[in-house]
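Asks: Mind looking over this structure? Questions follow.
The values are calculated or read from the model by the stated rules, or taken from the named source; none is laboratory data. All of these numbers come straight from a predicted model, not from anything done at the bench. Here the Cβ positions follow ideal geometry from the backbone for every residue, glycine too, while neighbour counts run over all protein chains shown. Just the protein is used for accessible areas: all its heavy atoms, side chains included, with ligands, DNA and RNA removed. Shrake-Rupley method; radii C 1.70, N 1.55, O 1.52, S 1.80 Å.
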Number of protein chains: 2
Amino acid sequence: MAQHPKALDDVFQALADPTRRAILGRLGTGSASVGELAAPFDMALPSFMKHIRYLEKSGWIRTRKTGRVRTCTLEKTSFNVIETWLSAQRSIWDGRTDRLERFVSTTHDQEGPE
Amino acid sequence: MAQHPKALDDVFQALADPTRRAILGRLGTGSASVGELAAPFDMALPSFMKHIRYLEKSGWIRTRKTGRVRTCTLEKTSFNVIETWLSAQRSIWDGRTDRLERFVSTTHDQEGPE
């Protein structure tokens, strides 16, 4: 999946909702039909379908219709998108820590041996 | 930071915007004033301040005003909130993989030695 900003916007936006996070959690245990996914929620089907479509559009799930049943499957690569972003952030801090360590080390060296 | 759904909504919602992600990236290199943070963006200050307030409200940054300068600092614990959620998702899949392995192993055992 692309790492360009719009894709990241959608990937994170999809997670900013408890129903969508719960759907992803359920799909972590295996594929399920829209009916099975909707069952635990006290929500009209059209509203629920909006969440399904948002998860599909943002790349979190794939759906496939066979007859009258639409089956949803988790697209785990989206987790990689988030983890890539998180590790990029950590690199920024680590770079900062490295510079700080070099500074402390250099300062210490300039003080000469004790 | 609390793990209840509303907090997670806000933490993820805050990341669904390229300006806010860029601010967090910049703050990863150290604290900065709102003026320094706003400089790279072609954006009116009131619009920029909305992003700053959103990041503060959602727990991503702390801000402190000294005289006329407001300084922003990254709140790294918010990354833990995301990582906790990610690792919970992974546990769900791993549980599924474990069950699958047990099933395969059991099936194999029942077939008896070759």
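Asks: Mind listing whichever residues of region A:65-88 are open to solvent by 60 Å² or more (accessible area, probe 1.4 Å) and touching a residue at least 40 places away in the same chain (Cβ under 8 Å)? Full working, then the answer.
Replies: Within region A:65-88, the subset open to solvent by 60 Å² or more (accessible area, probe 1.4 Å) is A:65-70, A:76-77, A:80, A:83-84, A:87.
Scanning region A:65-88 gives A:77, A:80, A:84.
Asks: Modelled with pLDDT under 85, on the phi < 0 side of the Ramachandran plot and not hydrophobic (A, V, I, L, M, F, W, C): does that describe residue A:110?
Replies: On the way: modelled with pLDDT under 85: yes; on the phi < 0 side of the Ramachandran plot: yes; not hydrophobic (A, V, I, L, M, F, W, C): yes.
Yes; evaluated as a whole, the condition is true for this residue.
Asks: From the list B:37, B:15, B:45, which one is among the aliphatic types (A, V, I, L, M) and over 25 Å from residue A:15 (Cβ atoms)?
Replies: B:45
Asks: Kindly provide the set of residues from region B:59-88 that are within 13 Å of another protein chain (Cβ to nearest Cβ) and touching a Lys or Arg at 6+ places or on another chain (Cβ under 9 Å), ordered by number.
Replies: B:60, B:73, B:74, B:75, B:79, B:85
Asks: Then there's this: Could you go through region B:22-33 and let me know if any residue there is away from chain A (no Cβ under 14 Å) and more than 18 Å from residue A:89 (Cα to Cα). Show your work before the answer.
Replies: Within region B:22-33, the first condition is being away from chain A (no Cβ under 14 Å), and the residues that meet it are B:33.
Imposing the further condition that a residue be more than 18 Å from residue A:89 (Cα to Cα) reduces the set to B:33.
Looking through region B:22-33, at least one residue is away from chain A (no Cβ under 14 Å) and more than 18 Å from residue A:89 (Cα to Cα).
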